[in-house]
1. Could you check ARG169 against (1) free of Cβ contacts under 8 Å to residues at least 60 places away in the same chain; (2) assigned to a loop (DSSP other than H, G, I, E, B) and say which number it fails?
2. Check off (1) in contact with an Asp or Glu (Cβ under 6 Å, 6 or more places away or on another chain); (2) farther than 20 Å from TYR5 by Cα; (3) among the basic types (Lys, Arg) for ARG141 and give me the number that stays unchecked.
3. With under 17 Å from GLY129 (Cβ atoms), in contact with a strand residue (DSSP E or B) (Cβ under 6 Å, 6 or more places away or on another chain), modelled with pLDDT under 85 and not in a helix (DSSP H, G or I) as the only criterion, which of PRO115, PRO91 stands out?
4. I need every pair where a residue in segment 149-163 that is surrounded by fewer than 20 Cβ atoms within 10 Å (Cβ to Cβ) has its Cβ under 7 Å from the Cβ of a residue that is among the basic types (Lys, Arg) and assigned to a loop (DSSP other than H, G, I, E, B), sequence separation at least 6 or different chains.
5. Select from segment 1-51 the residues that are surrounded by fewer than 15 Cβ atoms within 10 Å (Cβ to Cβ), modelled with pLDDT of 90 or more and more than 16 Å from the chain's Cα centre (by Cα) and list them in ascending order.
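The values are calculated or read from the model by the stated rules, or taken from the named source; none is laboratory data. All values derive from a computational prediction rather than experimental measurement. So basically every Cβ, Gly included, is an ideal-geometry build from the backbone, and we count neighbours across all protein chains shown.
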Amino acid sequence: MELAYYSDYAVRLVNTEEPARGKDSLTSVDAVRDLFGGNQSAARRAADADVTRFRSVRGRLRSVFEAADGGDETLAVDLLNSLLLEFPVSPQISGHDFRDDDGRPLWHMHLADHPSNATAGYAAIAAMGLAFHLTEYGVDRLGLCEAAPCRNAYLDTSTNRSRRYCSDRCATRANVAAYRARKRLEADRSQSTGRAAENAQRASANGER
């Protein structure tokens with residue numbers, strides 16, 4: 001498993017809140033546990049206090065995406081480094097999968113956390129995964145959806161660094177809005193041209209009298 005895979009932990013946490021819409025799904029211990037996905041052993045460590053702690057880490061991770069999206073690479077790196085220092089992990093070799101041919105373990109790198117609580121464990125993995133993604137693909141691969149008022153975080157893995165939206169749904173919504181805006185502009189211009197022609201005709205008629 002590539003270590004950059006863990007960057008999805010950061011995206012998942014950041015997107016539990018939609019500030020522009022006033023929505024926040026991180027309101028219970030169950031919501032915290034859902035963020036761990038298949039890592040049920042880690043999810044079971046979650047307690048009531050983790051709801052507030054997760055929200056705090058979420059705000060700091062969003063700040064990393066905001067800095068990257070705004071083109072401030074140094075700030076994005078500084079913010080991420082502060083998380084890495086506060087929530088360290090230990091890379092370890094893991095082999096829980098097996099090869100098809102000889103039954104030997106399929107060795108790969110794994111991020112082992114040694115947390116004092118569920119938040120520390122999740123934050124450590126999310127920060128390290130995001131750090132690997134940033135250094136592997138570039139700071140400009142961290143973005144916030146341009147389909148207002150969404151602003152969900154995303155990781156751009158396109159070959160030409162062209163991603164601007166967090167999902168196909170937002171991309172479609174933005175394209176439809178842009179199309180309608182163009183049509184309104186064209187209609188306004190057409191009306192303006194028509195009125196100008198009418199005024200010119202009236203002026204010409206008055207001049208001939």
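1. So ARG169 meets the others, but not (2).
2. (2)
3. Within the list PRO115, PRO91, the selection yields PRO91.
4. Taking only residues 6 or more apart or on different chains, the pairs are ASP156/ARG163.
5. Hits for segment 1-51 are GLY22, THR27, SER28, ASP30, ARG44, ALA47, ASP48, ALA49.
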